[in-house]
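Novice: Have a look at the structure that comes next, please.
The values are calculated or read from the model by the stated rules, or taken from the named source; none is laboratory data. In this text, all values refer to a predicted model and were calculated from it rather than measured experimentally. Don't worry about glycine lacking a Cβ; one is built from the backbone with ideal geometry, like all the others, and counts go over all protein chains shown.
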Amino acid sequence: MVVMEIAPLQWVLGLVLILSSLGVLLAKEAVHACLSFMLALLTLAGLYLELHVELIAALQVLVYAGAILVLFMFVIVLFQDAHAKILHSKARSNRWLIVSSASLFAAAFLLFAIWMPNVNHHVNQGTLQPAQFGTLKSIGKALYIDYFFPFEAVILLFLVAIVGALYIGKKERS
Amino acid sequence: MDVTFFIFLSMAMFVIGIVGVLFKRNILIFILSIEMMLNAGNLAFVAFSKTWGDQTGLLWVFFILVVAAAEAAIGLAIVINQFRNRQVVDIDQYDELKG
């Protein structure tokens, strides 16, 4: 096992990240789960800052914590009475199937974690200088020149998603 | 900078997301767990990208952000539609497509 050189701040952020992700699972109320997820997202943005990718951190806060989470909050508040109803209706899925598949996934990832330290992870043969890495200028250049067509495809996908969401969400006339 | 720490974090977050998808019956928490798995992928992309000094991973993170936003919009639209028509947010009752 390689001795890890990790700043104390990263330990704290990682711990908060894991705990708040667990909070999403363990929270009884949907609003609490949503707030816990917001804490996880902000911690993730802190980790990105710690890695010196400020642009991604800013995007994370703006898109996730700013837009998606607000959307979730609106929908959760809209259905306030319905969340409690779940506890009264019976679960139809096979409990043991769920438990076994979840533990299978966890075991697979544990195996991967045991194998992981053997990976040569101190490779640094980057083509970019550290000063240029992850800046708005270099990412913008790559996005609009090297990755122009994927970018346009993603724009199209987003447009389709907006129109589809409007169509699905609109009230049906009967 | 050690990438192993971040990959461990990302893996833990992904497993928590999978467990949420498998166990939670509230459809909103279900979608939140999917978002959490996407975020775990983002963290791995950023960590590897930083380790190898290649910013292609950051571009992938950008694309994943957009796809996650689209997915949340569609998912919540479906949730609202189903709630309006049938008053359920329980995932066991989302069985209208069952043959």
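Novice: Please go through (1) modelled with pLDDT under 85; (2) more than 8 Å from chain B (Cβ to nearest Cβ); (3) more than 23 Å from the chain's Cα centre (by Cα) for residue A:123 and return the number of the only condition it doesn't satisfy.
Specialist: Among (1) modelled with pLDDT under 85; (2) more than 8 Å from chain B (Cβ to nearest Cβ); (3) more than 23 Å from the chain's Cα centre (by Cα), the lone unmet condition for residue A:123 is (2).
Novice: Among the residues of the range B:50-85, how many are in contact with a helix residue (DSSP H, G or I) (Cβ under 7 Å, 6 or more places away or on another chain), more than 8 Å from chain A (Cβ to nearest Cβ) and not hydrophobic (A, V, I, L, M, F, W, C)?
Specialist: So the answer is 2.
Novice: Here's another thing I want to ask about it. Please pick out the residue among A:30, A:65 that is surrounded by 13 or more Cβ atoms within 10 Å (Cβ to Cβ), touching a strand residue (DSSP E or B) at 6+ places or on another chain (Cβ under 8 Å) and modelled with pLDDT under 90.
Specialist: A:30
Novice: Just name the residue that is nearest to residue B:44 (Cα to Cα) out of those in the range A:60-70 that are facing another protein chain (nearest Cβ under 7 Å) and in contact with a helix residue (DSSP H, G or I) (Cβ under 6 Å, 6 or more places away or on another chain). Before the answer, list the steps.
Specialist: Of the range A:60-70, the ones facing another protein chain (nearest Cβ under 7 Å) are A:63, A:67-68.
Filter again for in contact with a helix residue (DSSP H, G or I) (Cβ under 6 Å, 6 or more places away or on another chain), leaving A:63, A:68.
Values: A:63: 19, A:68: 21 Å.
Only one residue tops the list, namely A:63.
Novice: Follow-up. Looking at B:2, B:92, B:54, which is the one that is among the charged types (D, E, K, R) and in contact (Cβ under 8 Å) with a residue 40 or more places away in the chain? Don't jump to the end; show me each part of the working.
Specialist: Working: B:2 fails: in contact (Cβ under 8 Å) with a residue 40 or more places away in the chain; B:54 fails: in contact (Cβ under 8 Å) with a residue 40 or more places away in the chain.
Just one listed residue meets the conditions, B:92.
Novice: Would you call residue A:90 among the basic types (Lys, Arg), surrounded by 12 or more Cβ atoms within 10 Å (Cβ to Cβ), at the interface with another protein chain (Cβ under 9 Å from one of its Cβ atoms) and within 30 Å of residue B:94 (Cα to Cα)? Before the answer, list the steps.
Specialist: On the way: among the basic types (Lys, Arg): yes; surrounded by 12 or more Cβ atoms within 10 Å (Cβ to Cβ): no; at the interface with another protein chain (Cβ under 9 Å from one of its Cβ atoms): yes; within 30 Å of residue B:94 (Cα to Cα): yes.
It is false that residue A:90 is among the basic types (Lys, Arg), surrounded by 12 or more Cβ atoms within 10 Å (Cβ to Cβ), at the interface with another protein chain (Cβ under 9 Å from one of its Cβ atoms) and within 30 Å of residue B:94 (Cα to Cα).
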